[in-house]
Amino acid sequence: MNIAELTVWTLMSGGLLSLSLIALGYTVANLSIASLRQLLFVILFSLQCLLLSGLAEFWLPGLSPQALLVLQVGIGPMSSALGLYLLGIWLGGAREDRLVYGICSWGARLLQIAALVLMLTAALHDGADPAHLLLIAGAVAMSPVPPGIVMALRAHALGDPLSRWMALACTVLLVMIAGLHLHALKTPGFGLGSWILTGFSAMLFLLITIGLSLVRERTNRRLARLAHLETGLEPATGLPAGTQLLSDVEHALWRAGRKQGKCAVICLYLGNLYAAADTLGHTVDNQILAATAARIRRAAGFRCVVGLYQPRCFIIVFSIEKDHVFDTAITERLQSLVTRPLQLVGQRDLRQIFVPEIGLATLIVHPDQAQALDVINRVERLAIDEARRAHSEGADAHDTAPQHLVKQ
């Protein structure tokens, strides 16, 4: 290994070490399953770069060639397996997209099996030219990246604003995996420029993925805190309202129409919003709205429009792809999560348990036959009627379970 090559890979390892320390610090500060998974992926990814760049054998000259080969052919597919599994979780898991989550979960299992087979084959290798094993390992490690790009772009088309950056990260990963394996195979023509591109791609990929993971986990943590309404928070829904909500709904309709799909427009009407105001003061209204908004977003995910049409009326808009049907499990999750009791904190630190009473209504609309304001008004009336019907049947504040209404 000459000076130029050693400099490039050392700089790369320094950048990866810095990012690994950031991931470790975040994991220590926020102990959670998500942060531990992220840290494990960062470690596997960094080891992959060190092993395939040649730094490991440079720093550890006593490492046997066969042991090195076992690690080289196994680390790439193992890292890709964990990355694919984490991608499925990051894109929303089974709750938002069962198909994508199933592909990621089963794909990760197949990659793990392939990694174990490659490691066993390398362990039994007779010491001849191992190029074919490294070539197969590179192909296996790269195999989930193109589907990952497609799934990220699909999520972006369905309304996830962060997914386009994940698609960019997957593209960078493709360059990095190809570069490392070409270097490990000692491909002719692979020189200083290629080394620099590969090292830069490794650091850029890890930087983007760590950033996206932190943003998504921080958002989920904030929603979880708001949903449980921890004392000391100043509630604010942060949801679009008025003309902004209308604009967002119109855009969702337009996007669905462009793809020849449909939209499911849901109204959640909070009938007893002001029930606790007389005893705790009117400030608790904001607590209820903030907690309800957070619970709706947790149940509905990130690929839909969520807004506040008026203080008691939340609007949720889902895009439905062509030849697909609306998953009614979404409304069941909304009902289950939103109607859970809340502990409200009022004036003079008075506390009261509040059980939301809601009406749910859903309209399935064809974008070319719908106007945003008309659709919102129609679904709002249906939700109000549903809330009144449930209330008239004698549902009390501690056991509210109105059925949602679906209109085609």
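Across the chain, Cα pairs under 8 Å and at least six residues apart give a relative contact order of 14 percent.
Within the chain, the longest run free of GluC sites (Glu not before Pro) that sit in a DSSP loop with at most 13 other Cβ atoms within 10 Å is 1-229. The charge dipole of the range 242-407, taken about its Cα centre with unit charges on the Cβ of Lys, Arg, Asp and Glu (plus for the first two, minus for the last two), comes to roughly 440 debye. For the chain, the longest principal axis of the alpha carbon atoms and the long axis of helix 284-300 meet at an angle near 50°.
Within the shell of other residues whose beta carbon sits under 12 angstrom from the beta carbon of residue 321, the net charge comes to +4, with Lys and Arg scored +1 and Asp and Glu -1. Using all pairs of distinct alpha-carbon atoms, the Kirkwood hydrodynamic radius of the chain works out to 24.0 angstrom.
With respect to the chain, whose longest principal axis is taken over its alpha-carbon atoms, helix 98-123 is tilted by about 20°.
The mean sequence separation of alpha-carbon pairs under 8 Å and at least six residues apart, normalised by the residue count of the range 80-204, gives a relative contact order of 21 percent.
Length gained on full extension, residue 377 to residue 2, computed as 0.36 nm times the residue gap minus the Cα-Cα distance: 127.9 nm.
Helix 3-29 and the longest principal axis of the C-alpha atoms of the chain enclose an angle of approximately 30°. Note on the chain: with charges restricted to the Cβ of Lys and Arg (+1) and Asp and Glu (-1), its dipole about the Cα centre is near 180 debye. Could you tell me which trypsin sites (Lys or Arg not before Pro) in the range 311-358 are loop residues by DSSP with no more than 11 other beta carbons within 10 angstrom of their beta carbon? Those satisfying the criteria are 322. 3J(HN,Hα) along the range 188-196, derived from phi through the Karplus expression 6.51 cos²θ - 1.76 cosθ + 1.60 where θ = phi - 60°, amounts to x, x, 8, x, 4, x, 5, 4, 4 Hz, with x in place of Gly and Pro. Could you count how many Lys pairs in the chain have their Cα atoms under 26 Å apart, skipping same-chain pairs fewer than 8 positions apart? Lysine pairs, 8 or more places apart or on different chains, close enough: 5. Assuming charge only on the beta carbon of Lys and Arg (+1) and of Asp and Glu (-1), the dipole of the range 195-321 about its Cα centre is about 460 debye to the nearest 20. Computed from label points 7 Å out along Cα-Cβ, the spacing between residue 258 and residue 321 is 1.7 nm.
Only the coordinates and a few stated rules stand behind these numbers; no lab work does. Predicted model, so just to flag it, every value in this text is computed and none were measured. No Cβ is skipped: glycine too gets one built from the backbone with ideal geometry, and neighbour counts run over all protein chains shown.
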